[in-house]
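Below is one structure, written out as structure tokens; the observations come after it.
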Amino acid sequence: MRAMVLEAGRKELVARDFDAPRAGRGEIVLAVRACAVCRTDLHVVDGELDARRPLIPGHEIVGDVVERGEGARRFEVGARVGVGWLGRTCGACEHCTRGRENLCASPTFTGRDRDGGYAEFACVDERFAFALPERYDSLHAAPLLCAGAIGWRALRAAGDAERIGLWGFGASAHLVAQVARAEGRRVFAFTRPGDAAAAALARRLGCEWAGSSIELAPSELDAALIFAPVGELVPRALAQVARGGTVVCAGIHMSDLPSFPYSLLWGERCVRSIANLTRRDAEEFLTFAGDRSLAVEPVPYALADAQRALDDLRAGRVSGAAVLLP
């Protein structure tokens, strides 16, 4: 099989040929049909997150089951399934036993600790794979598996907030904006200064206002969801959140937060993070997406162009979600 690999000492992917993986006990092998490109992949490649090397990145995988290992019976051969960031948990630590497997003490992450989907085939633990809504083809389903699901968890962390601000209008925000609108919430989008394409996309998807991250929304906010990995956005968001509101940092990595006056936090405002996902989060979101027709905005790339997709994402040239098509 052909795969795009992150090798030791490098920060760019290289194309390599390997034998296709074989399924172990409880595992399935997928013929990869699509793999979305997540900002977390960028953090892995740039060395901002520790990861094994050599490594095949990618954790928003859609593929067809082509082999089942011993004991793997959840999916038939030929079934189309999806795989996300959480690749395996210990199942025994205090977090796993309390239903918080996203905080597992010894997790395995797809595309960080085990090879992911920037390849023609991928081997995964079948317990952490999901059936996909039939209404989405593989290109449009791939971004649902992390971008959509992490947005879902972040929105749930905001409680019943009516006025939602979204900082970083990319793969996650363009999906969670539609979820929030379907729930009757008001949505305000904050984009990179000068990113007219993202602002136009936000308005088209139902945001009542879209402006740059250095502007003020026309209304005070009840909650802010920050998807951009920029720590300085936290005090900016706090300054626009009403008393009792919540600022949710939804990324797995963020630059250092600057100091800010306590007055921004006072008034029972809250700053919290989102760490990974549970399988329940993914299942709830996929059910929601299956009941509605979300407008997924994929930008397709060939597998060989994975590095270009990452570079475009880093530079803010992707409006929507980049997706590799092996």
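No value in this document is a laboratory result; all are computed from the given coordinates. Computed from a prediction, not measured in an experiment: that's the story for all the values here. Neighbour counts run over all protein chains shown; Cβ positions are idealised from the backbone, glycine included.
For this structure, a couple of remarks:
- Computed about its Cα centre, the charge dipole of the range 1-125 is approximately 180 debye, with only Lys, Arg, Asp and Glu carrying charge at their Cβ.
- Size of electric dipole in the range 165-252: Cβ of Lys, Arg +1 and of Asp, Glu -1, about Cα centre, debye, nearest 20: 140 debye
- Only one residue of Val248, Leu42, Pro21 has its Cα farthest out toward the positive end of the dipole of the chain, where Lys and Arg carry +1 and Asp and Glu -1 on Cβ, and that residue is Val248.
- Listed by Cβ neighbour count within 10 Å, with the fewest neighbours leading, Thr40, Thr97 appear as Thr97, Thr40.
- Shape call, the range 148-273: gyration tensor on alpha carbons, a/c limit 1.5: rounded
- Amide H partners (placed H, <5 Å) of Ala210, local residues excluded: Ala189
- Global geometry of the range 1-107, whether rounded, prolate or oblate, following the gyration tensor of its Cα atoms and the 1.5 cut on a/c: oblate
- Remark: the Cα gyration tensor places the range 224-326 in the oblate category, a/c being 1.5 or greater and a/b not exceeding b/c.
- Cα centroid separation - the range 89-142 against the range 217-262, whole Å: 28 Å
- Put in line by how crowded their Cβ is, counting other Cβ atoms within 10 Å and starting with the fewest, Ile252, Ile56, Ile214 read Ile214, Ile252, Ile56.
- The phi torsions of the range 48-53, fed into the Karplus equation with coefficients 6.51, -1.76 and 1.60 and a -60° offset, translate into couplings of 7, 10, 5, 8, 5, 9 Hz, rounded to whole numbers, with Gly and Pro shown as x.
- Rounded to the nearest 20 debye, the dipole size of the chain about its Cα centre is 300 debye, using +1 on the Cβ of Lys and Arg and -1 on the Cβ of Asp and Glu.
- Across the range 259-268, coupling constants 3J(HN,Hα) worked out from phi with the 6.51/-1.76/1.60 Karplus curve, θ = phi - 60°, read 5, 8, x, 4, 4, 5, 8, 4, x, 6 Hz, and Gly and Pro carry x.
- Here's the picture: charge each Lys and Arg Cβ at +1 and each Asp and Glu Cβ at -1 in the chain, and of Ala275, Ala198, Gly82 the one pushed furthest to the positive end of that dipole is Ala275.
- Put in line by how crowded their Cβ is, counting other Cβ atoms within 10 Å and starting with the fewest, Glu76, Glu215 read Glu76, Glu215.
- Once backbone amide H atoms are built at 1.01 Å from N, Val299 has Ala321, Ala322, Val323 as its partners under 5 Å, excluding neighbours fewer than 5 places away on the same chain.
- Remark: C-alpha extents of the chain on the principal axes read 56, 41, 39 Å, sorted largest to smallest.
- Label-point separation, Cys93 to Arg25 (7 Å along Cα→Cβ), nm: 2.3 nm
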